[in-house]
Amino acid sequence: MARIQMQPLSRALVVEAPHPSLDELIGKSGIEAVRVDAVPDDATLIRALRDTGAQILFKRSRVPVSRAVIEAAEELVAIQLCCIGDDSIDKVAAAEHGVMVFNDPVSNGRSVVELA
């Protein structure tokens, strides 16, 4: 069942510690960010998404987002990956539930420059 978002996005959950400047950036868009410091398992992630009413999940690549997470997080409409890959998301479940999935294909550019 697709989710319909009729109001502006205002709540986000941030996991896996992307750079703190993310909070300021999304805050300028009127979105309140709540961070979970530990890398959550399914149950912890579901609880955090429900408790915050997060509409957007910002994450890196370690935390899997399973069908169970997507189905339990009724407010969730988007997952923003702060990395280049998207294999940590059940994309079929996301599509079936109208949850958009985005990645950041240039996020590793800085790491490559630092390594070189």
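The values are calculated or read from the model by the stated rules, or taken from the named source; none is laboratory data. Keep in mind that this is a model prediction, so the values were computed, not measured. Surface areas here come from the heavy atoms of the whole protein model, side chains and all, with no ligands, DNA or RNA. Shrake-Rupley method; radii C 1.70, N 1.55, O 1.52, S 1.80 Å.
When restricted to residues that are within 10 Å of the chain's Cα centre (by Cα) and open to solvent by less than 60 Å² (accessible area, probe 1.4 Å), the range 50-88 contains 15. Residues in the range 89-116 that are at pLDDT 95 or above, assigned to a helix (DSSP H, G or I) and open to solvent by 30 Å² or more (accessible area, probe 1.4 Å): Lys91, Val92, Ala95, Glu96. Kindly check whether there is at least one residue in the range 20-28 that is open to solvent by 20 Å² or more (accessible area, probe 1.4 Å), over 15 Å from Asp104 (Cα atoms) and of a type in the set (Gly, Ala, Ser). Yes, the range 20-28 contains a residue that is open to solvent by 20 Å² or more (accessible area, probe 1.4 Å), over 15 Å from Asp104 (Cα atoms) and of a type in the set (Gly, Ala, Ser).
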